[in-house]
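> Sharing a structure, written as structure tokens. Questions coming.
The values are calculated or read from the model by the stated rules, or taken from the named source; none is laboratory data. Being a predicted model, the structure only gives us computed values, none of them experimental. Cβ coordinates were reconstructed from backbone atoms using ideal geometry, including for glycine residues, and neighbour counts include every protein chain displayed.
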Amino acid sequence: MNDGVRTRRPQRTLLWIGASIVALTAVAAIAGPLLMPYDPASQELALRLEGPSGTHLFGLDELGRDILARVLAGARISFLVGLTVVSFSAFIGTMLGAMAAYFGGVVDDLVSRVVDVLLAFPGLLLAIALVAVLGPSLGNVLFALTIIGWVGYARLVRGQVLRAREFEYVQAARALGAGAGRVLWRHLIPTALPAVVVQATLGMAGAIISEAALSFLGLGVQPPTPSWGTMLNGGRAHLLDAPHLTLFPGLAIALLVLGFNFVGDGLRDLADPREQR
Amino acid sequence: MFRFVLRRLTLTVPVLIGVSTLVFLLIHLIPGDPVQAMLGDSASPQDIDTLRERLGLNRPLYVQYASFMNGIVRGDLGTSIRTNQTVTSAIAERMPATAELAAASMTVAILIAIPLGILAAVRAGTSVDHVATTLALLGISMPTFWLGPLLAIVFSVSLGWLPVSGRGTLAHLVLPAITLGAPLAAGLARMTRASLIEELGELYVLAARARGVSRVRAVLKHAFRNSLIPIVTVLGLQFGAVLTGAVITETIFAWPGIGRLLIQSISARDYPAVQGCILLIAVTYVSVNLLVDLAYGFLDPRIRYE
């Protein structure tokens, strides 16, 4: 029943589909706005809320701005948020997690207690709270998502390093007089990297969806900057008369998030063959 | 068992203290003068002084902290600036709506996920499995704040079958429950599949089949029962997603629960109410996780002695 070969191929296919979605969206984010004949901010008030047509493929929004141009510009924000949040979270989390596992004692207690408290806030709640008091802006969104983001990496890396610390080659390096920094950097952190890469890929999906959620609630990127979440928020008032305002930005979010999830799942299966059932 | 329960309870206390401390500090993270931020630029210096006094912000930080923690223990979360109602009573008013939505969405999730997960596990590796697995990934990738409006466009605007917002009848509950339940169903279906596949590979399932137990019975009566522990755990952990998802779902459908209260309080800069909502949601989450842990120890005696 658990024939590895039969399930493996579709998983690989999904990985490639995911990678293609991500790559295409990245190209669209970089090149799209340069090729578009419309500026994402320019308004044609006379044509506001007009549906998709030959000249405006995705139609126009409540201020008569071209939705396709805004979706493409919004892709840049999504990638910016994803890459920034994931790189900072992964770096901070990996360092703190590795140090907690390696040094143990007070360092471990301190990091673990902070992790416990931050994990006591479900999902986005702490980010919502932070942005609520700091004020809605792109910078604060990046800050808040990093604060809730690093915790997952710290826990993951701590576990991996705790296990790797006992390996013979690590013991040998220490016996040969390698310092803490060298052992951590050369021997321990690299063992955790495959797991960190998988987590980071899924983290891209998480950060993109979180930014959109905050912006949807009015707590994220502020107008007129085009963000997919802000666009969905604008579409709420026009569900009755202009559903295309909701349709296209949402489709973009779902597609890109799906792409990252496919890649993350595929990479996890490659990194951990036991999961290939 | 008693020692296990006691140990889990003692581990929870520092977390709760940490959570309360963080929530207390929130108001002090506001850039500039928090009272000015709450009242806006047009407020008179007198109003500002009065509110500062009322919130106790003119006292030393440690006194504020002590009185905040003392208030929490007594169930006093302060007074809402927007409505002058106590935060505790404002939350108590909204609680039933959120509880109703959470229960309904978890029911939706279980009804979709368990059959889908079982089907995928039993037919693992076939096209049925791939369709189910892909559906689950689609569900995970579908943002609540898109699914909700899409459902509203189809079932309320186009078909006119269901109300688009508000609370009252069962019909009002359908769209919010599906919106909140669908992503949960996706995660739960994946867990059900993985957990059941694990059990199906065990020898006791083969033994049962060899004794002449039917395939359906072997799956449902033998394997599925044993795969329930991780499923229950995931369901408990997913409760966090329900709580955050409720904030978004309640905003979309104007559902009068805690999540909507939180967002309304944020836009009104009603920080005592914001603190109360955040604290309540976090404490609920921690408590549910504790209950899941205890249930886990109850279901699987091996856990207790670790």
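> Return the total of residues in the range B:79-96 being surrounded by fewer than 20 Cβ atoms within 10 Å (Cβ to Cβ) and closer than 18 Å to residue B:167 by Cα.
4
> Among the residues of the range B:220-252, count how many are more than 18 Å from residue A:128 (Cβ to Cβ) and not charged (D, E, K, R). Quick ask: steps written out before the conclusion?
In the first step, residues of the range B:220-252 are kept if they are more than 18 Å from residue A:128 (Cβ to Cβ); the result is B:220-238.
Right, trim to not charged (D, E, K, R) and you get B:220, B:222-224, B:226-238.
Residues in the range B:220-252 being more than 18 Å from residue A:128 (Cβ to Cβ) and not charged (D, E, K, R): 17 in total.
> Only one of B:114, B:27 is surrounded by 13 or more Cβ atoms within 10 Å (Cβ to Cβ) and more than 14 Å from every other protein chain (Cβ to nearest Cβ). Can you tell me which?
Working: B:27 fails: more than 14 Å from every other protein chain (Cβ to nearest Cβ).
So the residue among B:114, B:27 that is surrounded by 13 or more Cβ atoms within 10 Å (Cβ to Cβ) and more than 14 Å from every other protein chain (Cβ to nearest Cβ) is B:114.
> Let me ask something else about it. In the range A:206-262, how many are in contact (Cβ under 8 Å) with a residue 12 or more places away in the chain and either assigned to a loop (DSSP other than H, G, I, E, B) or among the β-branched types (Val, Ile, Thr) (or both)?
Qualifying residue count, the range A:206-262: 18.
> Looking at A:142, A:118, A:96, A:68, which is the one that is of a type outside the set (Ser, Thr, Tyr), more than 13 Å from chain B (Cβ to nearest Cβ), part of a helix (DSSP H, G or I) and within 17 Å of residue A:206 (Cα to Cα)? Walk me through how you get there before you give the answer.
Values: A:118 fails: more than 13 Å from chain B (Cβ to nearest Cβ); A:96 fails: within 17 Å of residue A:206 (Cα to Cα); A:68 fails: within 17 Å of residue A:206 (Cα to Cα).
After ruling out the rest, the residue left standing is A:142.
> With respect to residue B:107, determine if the residue is within 14 Å of chain A (Cβ to nearest Cβ), within 30 Å of residue B:181 (Cα to Cα) and either surrounded by fewer than 18 Cβ atoms within 10 Å (Cβ to Cβ) or at pLDDT below 90 (or both).
Working: within 14 Å of chain A (Cβ to nearest Cβ): no; within 30 Å of residue B:181 (Cα to Cα): yes; either surrounded by fewer than 18 Cβ atoms within 10 Å (Cβ to Cβ) or at pLDDT below 90 (or both): yes.
The answer is no for residue B:107.
> Considering only the range B:30-57, state which residues are outside any helix (DSSP H, G or I) and surrounded by 11 or more Cβ atoms within 10 Å (Cβ to Cβ). Walk me through how you get there before you give the answer.
Within the range B:30-57, the subset outside any helix (DSSP H, G or I) is B:30-33, B:40-44, B:56-57.
Of everything in the range B:30-57, those that are outside any helix (DSSP H, G or I) and surrounded by 11 or more Cβ atoms within 10 Å (Cβ to Cβ) turn out to be B:30, B:33, B:43, B:56, B:57.
> Further question: Return a yes/no flag: does the range B:179-186 have any residue that is more than 13 Å from chain A (Cβ to nearest Cβ), assigned to a helix (DSSP H, G or I) and surrounded by 18 or more Cβ atoms within 10 Å (Cβ to Cβ). If you could, list the steps in order and put the result at the bottom.
Taking the range B:179-186 and keeping what is more than 13 Å from chain A (Cβ to nearest Cβ), we get B:181, B:185.
From the residues that got through so far, the ones that are assigned to a helix (DSSP H, G or I) too are B:181, B:185.
Okay, now just the ones that are also surrounded by 18 or more Cβ atoms within 10 Å (Cβ to Cβ), so B:181, B:185.
Taking every residue of the range B:179-186 in turn, at least one turns out to be more than 13 Å from chain A (Cβ to nearest Cβ), assigned to a helix (DSSP H, G or I) and surrounded by 18 or more Cβ atoms within 10 Å (Cβ to Cβ).
> Looking only at the range B:117-134, how many residues end up being surrounded by 16 or more Cβ atoms within 10 Å (Cβ to Cβ), without any contact (Cβ under 8 Å) to a residue 60 or more places away in the chain and either touching a His at 6+ places or on another chain (Cβ under 7 Å) or more than 10 Å from chain A (Cβ to nearest Cβ) (or both)?
1
> Hey, does the range A:187-202 have a residue that's more than 14 Å from every other protein chain (Cβ to nearest Cβ), touching a Leu at 6+ places or on another chain (Cβ under 8 Å), more than 22 Å from residue B:190 (Cα to Cα) and surrounded by 19 or more Cβ atoms within 10 Å (Cβ to Cβ)?
Within the range A:187-202, one or more residues are more than 14 Å from every other protein chain (Cβ to nearest Cβ), touching a Leu at 6+ places or on another chain (Cβ under 8 Å), more than 22 Å from residue B:190 (Cα to Cα) and surrounded by 19 or more Cβ atoms within 10 Å (Cβ to Cβ).
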